[in-house]
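Below: the structure, in structure tokens.
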Amino acid sequence: FVYFSQCPEFYRNMVRVAKCVTFNQVKGIFGFGDSDPIGKISFPAVQATPSFSSSFPFIFGKANIPCLIPCAIDQDPYFRMTRDVAPKLGYHKPALLHSVFFPALQGARTKMSGSDPNSSISLRDTPKQIKNKMVPIFLNHSPLLWNFLYTKNTVKSSSLLLTSTSLIVVGLIFW
């Protein structure tokens, strides 16, 4: 939640999204029950907010830029809800690019999990942690890409800008 103080526009958009979705809608879309915790019920608004460029004025300024979201099919309900909310807020509906589930770092037969810190790269990971997670992947699949991203055991700053999605895309291009 530190991010909210660093980017109040993100928080404002999150609240605006939350005001457009009723409890009954969230229950219907996600199957939540009356006894589910409030955090679980309010999370769809958090998930939807990055779809709007105004959530990141330090990147996009005040421009209303359409968003393309690469996601696995399990994320579809969140972004269908987002597509319903977008016009009410004066934003473009995000476009979705469905894909198969992105595998965890341990291989194709695994799934990323927030409870397993070694299955994905977190925004909080240090350059050393990122390197330790990526070494096995790139040494086994693409030494050329590995050499491009890393030199002298130091992560280049450009590699830190890669999101998990772009890492997958870059990985698929070179595999």
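Scan the range 46-59 for residues that are more than 14 Å from Tyr91 (Cα to Cα) and among the aromatic types (Phe, Trp, Tyr) and jot them down. I'd like the intermediate steps shown before the answer.
Our first condition is that a residue be more than 14 Å from Tyr91 (Cα to Cα); within the range 46-59, this holds for 46-47, 57-59.
The answer is Phe58, and nothing else.
Among the residues of the range 21-59, which ones are part of a helix (DSSP H, G or I) and of a type in the set (Phe, Trp, Tyr)?
Listed by number, the residues that qualify are Phe23, Phe30, Phe43, Phe58.
Within the range 96-120, count every residue that is modelled with pLDDT of 70 or more, surrounded by 12 or more Cβ atoms within 10 Å (Cβ to Cβ) and out of contact with any Phe, Trp or Tyr (no Cβ under 9 Å at 6 or more places or on another chain).
The number of residues fulfilling the criteria is 10.
Looking at (1) in contact with an Asp or Glu (Cβ under 9 Å, 6 or more places away or on another chain); (2) open to solvent by less than 70 Å² (accessible area, probe 1.4 Å); (3) over 30 Å from Pro136 (Cα atoms), which one does Cys7 not meet, given that it meets all the others?
Evaluating Cys7 over (1) in contact with an Asp or Glu (Cβ under 9 Å, 6 or more places away or on another chain); (2) open to solvent by less than 70 Å² (accessible area, probe 1.4 Å); (3) over 30 Å from Pro136 (Cα atoms) leaves (1) as the failure.
State whether the residues of the range 67-78 include one that is open to solvent by 40 Å² or more (accessible area, probe 1.4 Å), assigned to a loop (DSSP other than H, G, I, E, B) and either more than 13 Å from Asn13 (Cα to Cα) or touching an Asp or Glu at 6+ places or on another chain (Cβ under 8 Å) (or both).
Looking through the range 67-78, none of the residues is open to solvent by 40 Å² or more (accessible area, probe 1.4 Å), assigned to a loop (DSSP other than H, G, I, E, B) and either more than 13 Å from Asn13 (Cα to Cα) or touching an Asp or Glu at 6+ places or on another chain (Cβ under 8 Å) (or both).
Is it the case, given these coordinates, that Thr22 is among the hydroxyl-bearing types (Ser, Thr, Tyr) and crowded, with 16+ Cβ neighbours inside 10 Å?
No.
State the number of residues belonging to the range 25-45 that are open to solvent by 50 Å² or more (accessible area, probe 1.4 Å) and under 19 Å from Lys93 (Cβ atoms).
2
As an exercise: evaluate Leu123 against (1) surrounded by fewer than 15 Cβ atoms within 10 Å (Cβ to Cβ); (2) modelled with pLDDT under 80; (3) assigned to a helix (DSSP H, G or I) and give the number of the one condition it does not meet.
Leu123 satisfies every listed condition except (3).
Listed here are the residues, each with its yes/no results for (1) in contact (Cβ under 8 Å) with a residue 60 or more places away in the chain; (2) closer than 17 Å to Leu96 by Cα.
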residue: Asn13; (1), (2): yes, no
residue: Val26; (1), (2): no, no
residue: Phe30; (1), (2): no, no
residue: Pro37; (1), (2): no, no
residue: Ile41; (1), (2): no, no
residue: Phe56; (1), (2): no, no
residue: Asp76; (1), (2): no, yes
residue: Phe79; (1), (2): no, yes
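Checking the conditions here, which among Lys62, Lys93 is under 17 Å from Arg12 (Cβ atoms), in a loop (DSSP other than H, G, I, E, B), of a type in the set (D, E, K, R) and open to solvent by 40 Å² or more (accessible area, probe 1.4 Å)? I'd like the intermediate steps shown before the answer.
On the way: Lys93 fails: under 17 Å from Arg12 (Cβ atoms).
Answer to the check: Lys62.
The values are calculated or read from the model by the stated rules, or taken from the named source; none is laboratory data. Just so you know, these numbers come straight off a predicted model, no measurement behind them. Ideal geometry is used to build each Cβ from the backbone, glycine not excepted, and the neighbour counts take in all protein chains shown. Ligands, DNA and RNA are stripped out before the accessible areas are found, and what is left, the full protein with its side chains, is counted by its heavy atoms. Shrake-Rupley method; radii C 1.70, N 1.55, O 1.52, S 1.80 Å.
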